[in-house]
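Every read-out reported here was derived from the displayed coordinates using simple, explicitly stated rules and does not represent laboratory data. Everything numeric in this text was worked out from a predicted model, so none of it was measured. Here the Cβ positions follow ideal geometry from the backbone for every residue, glycine too, while neighbour counts run over all protein chains shown.
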Amino acid sequence: MAVRNLAAAQAVRDAILADAPAATTLDLMELDLSSMDSVRAFASDFAAKGLPLNILINNAGVMATPFSLSKDGIELQFATNHVGHFLLTHLLLEKMKKTSRESNVEGRIVNVSSEGHRFAYREGIRFAKINDESEYNTIGAYGQSKLANILHANELTRRFKDEGVNITANSLHPGSIITNLLRHHSILDVLHRTLGKLVLKNAQQGAATTCYAALHPQVKGVSGKYFCDSNVYEASEKGKDMELAKRLWEYSIELIT
């Protein structure tokens, strides 16, 4: 389990092992997706363990935060929701390719995006204005980062097909879930946690589409798709723009090097 808060994760680890006694080994490893140093340290520690890697679920996320910069000087939502995942995937790809070759088992990369990607800035990704506080919009920036998750999976798919690699990459909307993502918006957060119980998914229901994309036999060989409620769904026009996906890839490579 790659986690930001090791202390909080310990209780989750204990609960999982109690519920699934056959899972004899479950390691906790620290990972802060908003910090490239943390991502690199995690990838290095993981490589040192010599473990295989078939499935990578990029699931971290912050939502609609006040403007701030990450430790690397990148707008926090874009840094956490996209750049951290992009770098982590980049550093683990060779391990995934090696595992896929040696095991002859399909590798799967799953990016947890959001229907919020439809609320990205009009141009989709503001490459020249990522850190522009004067034009910052909390929801627009969130949508931008979630759009980036979809574009990242689509470009990975294109590259895997060109290389003939047995790895798929998909993105998904997990649904509207009762979480603390709206903690920066007090009124909305109260409504979310009270009235939301009547219409929103709980955490287990919210994990269903992620598990489907990562594990289900019906998704074998399916790549470059956007899922919702365990079905292929239609992303926005920006989410299907392959030229934008290529440009984001190149921009992201510049950020991490």
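Where does each of LEU33, LEU76, LEU28 land when they are ranked from fewest to most other beta-carbon atoms within 10 angstrom?
Listing LEU33, LEU76, LEU28 from fewest to most nearby Cβ atoms yields LEU28, LEU76, LEU33.
Beta carbons within 10 angstrom, averaged per residue: use that to sort the peptides 145-152, 108-115, 5-12, highest first.
Averaged packing, sorted descending, gives the order 145-152, 108-115, 5-12.
Please express the shape of the chain as an equivalent ellipsoid: the semi-axes are the square roots of 5 times the eigenvalues of the C-alpha gyration tensor, given largest first in whole angstrom.
Over the Cα atoms of the chain, the semi-axes work out to 26, 23, 19 Å.
Would you kindly state how much longer the chain becomes between LEU69 and ASP162 on full extension, computed as 0.36 nm times their sequence separation minus their alpha carbon distance, in nm to one decimal?
Full-extension gain reported as 29.9 nm.
Got a sec? Which residues in segment 97-123 would a label at ASN54 touch, if it sits 7 Å along Cα→Cβ and we count backbone N under 12 Å?
99-108
At a Förster distance of 30 Å, what's the computed FRET efficiency of ALA22 paired with ASP132, Cβ-Cβ distance as r, to 0.05? Could the numbers behind the result be given before it?
On the way: r = 51 Å, r/R0 = 1.69.
Here the calculated transfer efficiency is 0.05.
Any idea what the dipole of the chain comes to, in debye rounded to 20, about its Cα centre with Lys/Arg Cβ at +1 and Asp/Glu Cβ at -1? The partial results should precede the final answer.
Numbers: 28 positive and 28 negative charges, 95 e Å.
Around 460 debye, computed over the chain.
At 7 Å along Cα-to-Cβ for each site, give me the label-to-label distance between ALA47 and LEU215 in nm.
The two pseudo-label positions are separated by 3.0 nm.
To make sure I understand, if each residue's beta carbon is the centre and we count other beta carbons within 10 Å, what order do THR257, THR80, THR138 fall in, fewest to most?
Least to most surrounded, the residues fall as THR257, THR138, THR80.
Neighbour counts of other C-beta atoms within 10 Å: give me HIS117, HIS216 arranged from fewest to most.
So the ranking, lowest neighbour count to highest, is HIS216, HIS117.
ALA169's amide H: which non-local residues (gap 5+, or another chain) put their own amide H closer than 5 Å, with H modeled 1.01 Å from N in plane and none for Pro or chain starts?
Placed amide hydrogens put ILE109, GLY224 under 5 Å from ALA169.
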